1. State which residue is most open to solvent (accessible area, probe 1.4 Å) when the search covers only the range 68-82 and only residues that are within 16 Å of Glu145 (Cα to Cα) and among the aliphatic types (A, V, I, L, M).
2. I'd like the residue in the range 151-165 that is open to solvent by less than 20 Å² (accessible area, probe 1.4 Å) and in contact with a Lys or Arg (Cβ under 8 Å, 6 or more places away or on another chain) and, out of all such residues, is farthest from Pro94 (Cα to Cα).
3. Return a yes/no flag: does the range 239-248 have any residue that is aromatic (Phe, Trp, Tyr), farther than 30 Å from Val278 by Cβ, in a helix (DSSP H, G or I) and modelled with pLDDT under 95.
4. Please name all residue pairs, on different chains or six or more residues apart, with Cβ atoms under 6 Å, provided the first residue is in the range 70-86 and is closer than 25 Å to Tyr52 by Cβ and touching a residue at least 60 places away in the same chain (Cβ under 8 Å) and the second residue is assigned to a strand (DSSP E or B) and of a type in the set (A, V, I, L, M).
5. In the range 138-150, what residues are among the aliphatic types (A, V, I, L, M) and surrounded by 18 or more Cβ atoms within 10 Å (Cβ to Cβ)?
6. Quick one: in the range 174-188, of everything that is open to solvent by 10 Å² or more (accessible area, probe 1.4 Å) and not acidic (Asp, Glu), which residue is nearest to Gln213 (Cα to Cα)?
Amino acid sequence: LLQVETGLDKDHMLLVQLEAPGFEKRPDQGAPVWRELANRLVQTNGVQASAYASYPFLYGNRWTEEVRILGVPQKESAHVLSVGEGFFAASGIPLLQGRDFRPAEIGPQARVAIVNQRFADLFFPHQSALGKTFEREIGPRKPYEAFTIIGIVGNNRYRELREPPPATLFIPQTDDARWQSLTLRAADPAHPALAAAVQRVAPQVHPAIKVRQLITQNQIIEDKLVRERLLATLSAFFAFIAILLAAIGLYGVLSYTVAQRTKEIGIRLALGAPRPGVVRLVVQDAAIWTLLGLVVGLGTSLYLARFAGKLLYEVQPSDVNAIAVPLAFFLAAGSLAALPAAWRATRVDPIIALRYE
């Protein structure tokens, strides 16, 4: 999940959640203030681009609408995100065809849209979607209105890392809202100086602006993997305990076996058996016990692994590496457990062993 391709420049994105109470009642005041704040922050050292959006990607939000093509009665669901000018440059989403929104198109009256490649392939297969028109319902109980596609961008994950990139359309954002999500593309988005600059500049632009949250895109991804990381940590801990218990148990069995076979080992040594042969005898016992346990454990684990399939992502419970690694660990544990028993067997004095019997 950490290595999945998000379609975003996640290493250089700082997401700023802003609030300005009262801006929603005075659009003439809010819009220029938000633009000034974005312009001021893009002049900050280390910041390459800035743009607004309704909310960050992979934040847990979802906005879907029914979309239809003119002349086609069938409707399809598409994800929607309202964004401002320069959002794709700030997010690192490549512009494949067409152009970005222009300043004059940022507003509720604009009837243009930018779609991702998945949207274009779904609604306009085997043809270019650039310049095509689709319809979407712009509000409850309002008729469908036509939107023209002016650009096509690359695919990216929208809400969850586990979900493939959905068909997404981007519409111009109204920049007079009370809440704003600002995306800053910076060389080092986690640098404390950048966070301090945001906290300092925001109230300078307008005293009503409050910085509610500063979080990098990587932090958002890390936060979404808390459950997976916890399960991985617990699994690793219990796996270590299992290997430790197996090694201790195998060592105890082998030590007991050597003690029970003291007379046999003494006779073998008295009759001239080489000590390496005695070691081989002990190691052979260890191999038999280890392989028997691995066969039983492997069969049981393959049966139980199907219940863990939902916790995995692009990894099968029967994955060769997932099976080979623990097998190798258990074989190593068995070998280490056999060494003390084998060493004890080589130290048996045949005269003492025969006297003892």
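1. Leu70
2. Start the filter on the range 151-165 by keeping residues that are open to solvent by less than 20 Å² (accessible area, probe 1.4 Å), which leaves 151-154, 156, 158, 161.
From what is left, the residues that are in contact with a Lys or Arg (Cβ under 8 Å, 6 or more places away or on another chain) are 151, 158, 161.
On the way: Gly151: 11, Tyr158: 15, Leu161: 19 Å.
Restricting to residues being open to solvent by less than 20 Å² (accessible area, probe 1.4 Å) and in contact with a Lys or Arg (Cβ under 8 Å, 6 or more places away or on another chain), the top hit is Leu161.
3. Of all residues in the range 239-248, those aromatic (Phe, Trp, Tyr) come to 240.
From the residues that got through so far, the ones that are farther than 30 Å from Val278 by Cβ too are 240.
Filter once more, keeping what is in a helix (DSSP H, G or I): 240.
Those left that are additionally modelled with pLDDT under 95: 240.
Yes, the conditions are met somewhere in the range 239-248.
4. Ala78/Val67; Ala78/Leu169; Val80/Leu169; Ser82/Ile171; Val83/Ala53; Gly84/Ala51
5. Ile149, Ile150
6. First, pick out the residues of the range 174-188 that are open to solvent by 10 Å² or more (accessible area, probe 1.4 Å): 174-179, 185, 187-188.
With the extra rule that they be not acidic (Asp, Glu), the set shrinks to 174, 177-179, 185, 187.
Values: Thr174: 21, Ala177: 17, Arg178: 15, Trp179: 12, Arg185: 16, Ala187: 19 Å.
Checked the range 174-188; the qualifying residue nearest to Gln213 (Cα to Cα) is Trp179.
Residue-by-condition table, conditions (1) open to solvent by less than 40 Å² (accessible area, probe 1.4 Å); (2) free of Cβ contacts under 8 Å to residues at least 60 places away in the same chain; (3) over 27 Å from Leu194 (Cβ atoms); (4) not in a helix (DSSP H, G or I):
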{"position": "Leu2", "(1), (2), (3), (4)": "no, no, no, yes"}
{"position": "Thr6", "(1), (2), (3), (4)": "yes, no, no, yes"}
{"position": "Asp11", "(1), (2), (3), (4)": "no, no, no, no"}
{"position": "Trp34", "(1), (2), (3), (4)": "yes, no, no, no"}
{"position": "Leu41", "(1), (2), (3), (4)": "yes, no, no, no"}
{"position": "Asn45", "(1), (2), (3), (4)": "no, no, no, yes"}
{"position": "Asn61", "(1), (2), (3), (4)": "no, no, no, yes"}
{"position": "Glu66", "(1), (2), (3), (4)": "no, no, yes, yes"}
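Here's the yes/no breakdown for (1) among the basic types (Lys, Arg); (2) assigned to a loop (DSSP other than H, G, I, E, B):
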residue: Ala129; (1), (2): no, yes
residue: Arg136; (1), (2): yes, no
residue: Phe147; (1), (2): no, no
residue: Asn155; (1), (2): no, yes
residue: Pro166; (1), (2): no, yes
residue: Phe170; (1), (2): no, no
residue: Thr174; (1), (2): no, yes
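The values are calculated or read from the model by the stated rules, or taken from the named source; none is laboratory data. This is a predicted model, so every value here is computed, not measured. So basically every Cβ, Gly included, is an ideal-geometry build from the backbone, and we count neighbours across all protein chains shown. Please note that ligands, DNA and RNA were not included when accessible areas were found on the heavy atoms of the full protein model with its side chains. Shrake-Rupley method; radii C 1.70, N 1.55, O 1.52, S 1.80 Å.
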